[in-house]
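Let me begin by presenting the structure, written as structure tokens, before commenting on it.
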Amino acid sequence: MTVSSGENSVERKSSLSGYAPLEAVLFDVDGTLCDSDPLHYFTFREMLQEINFNGGVPITEKFFSEKLSGKHNEDMALVLFPDDIEGGMKFLADKEAVFRRLVPERLKAVNGLYKMKKWVEDHGLKRAAVTNAPRENAELIISILGLTDFFEALIIGSECEHPKPHPDPYLKALEALKVSKDHTFVFEDSVSGIKAGVAAGLPVVGLTTGNPEHALMEANPTFLLKDYNDPKLWAALEELESAGKAVV
């Protein structure tokens, strides 16, 4: 199914009621908690141009979205430096350090995030952050956003047997929170992340903060949102409550 297949077909999928009573909500970090993809893109573009990657021609947003966004650093090294993985990992470590220096001045929460945070808290749900980002990045972003005490667990892809798009990080989150995949849903913004959640047997609500809708839909999310203020999200959450199934 694609976004263009009609409003009714999209609306039929825009339901979370089958996962009640809800126990937990899992969040990706980059692009899901904060609009950090533009900063990642900027950092990659500038640093790759400095080393004459692609003959000095700057990478495009399309290249970033399709080849880099949401991926683990080792996978990005394979894309960018297939003949020098060690050098690629060094480049990526340097890139992450530059990103962390820029984050405090440029980080912005996704619209409606704190409204969603309050809803989760008010309903007594468990929550975890699940990301392919390096731990230093994730902890910094979560701290800047004031969410350190909100999350009960932080799952890092490189600390699992396999990172996203494999299901391992989400399965590890379920285990850490001691909740069922049948009563938990995920917020994600990348193809890699949506695939990971779906592979773990979880419903995934996709955010179109940084990636094309058609690409996200191909990964089979339950439905897509513009941000946490999207009426579609609140209609789905209201459906949980009106059915008397949500944990209150």
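Readers should treat all values here as calculations from the given coordinates under stated rules, not as data from a laboratory. For clarity, every value in this text was computed on a predicted model and none was experimentally measured. Ideal geometry is used to build each Cβ from the backbone, glycine not excepted, and the neighbour counts take in all protein chains shown.
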So what's the net charge close to Gly197: Lys and Arg +1, Asp and Glu -1, counting the other residues with Cβ under 11 Å from its Cβ?
-> +1
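Could you please rank Ile59, Ile194, placing first whichever residue has the fewest other Cβ atoms within 10 Å of its Cβ?
Working: Ile59 18, Ile194 31.
Listing Ile59, Ile194 from fewest to most nearby Cβ atoms yields Ile59, Ile194.
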Extension gain from Ala176 to Asp149, taking 0.36 nm per residue of separation minus the Cα-Cα distance | 8.1 nm
What pairs in Lys117/Lys226; Lys67/Lys172; Lys67/Lys195; Lys62/Lys95; Lys115/Lys178; Lys126/Lys178 have C-alpha atoms more than 21 Å from each other?
-> Lys67/Lys172; Lys115/Lys178
Longest exposed-loop-site-free stretch of the chain, with trypsin sites (Lys or Arg not before Pro), DSSP loop and at most 14 other Cβ within 10 Å?
-> 1-107
Under DSSP loop assignment and at most 15 Cβ neighbours within 10 Å, longest GluC sites (Glu not before Pro)-free interval of the chain = 1-151
Taking every pair of alpha-carbon atoms in the chain, give the share separated by more than 33 Å as a whole percent.
-> 16
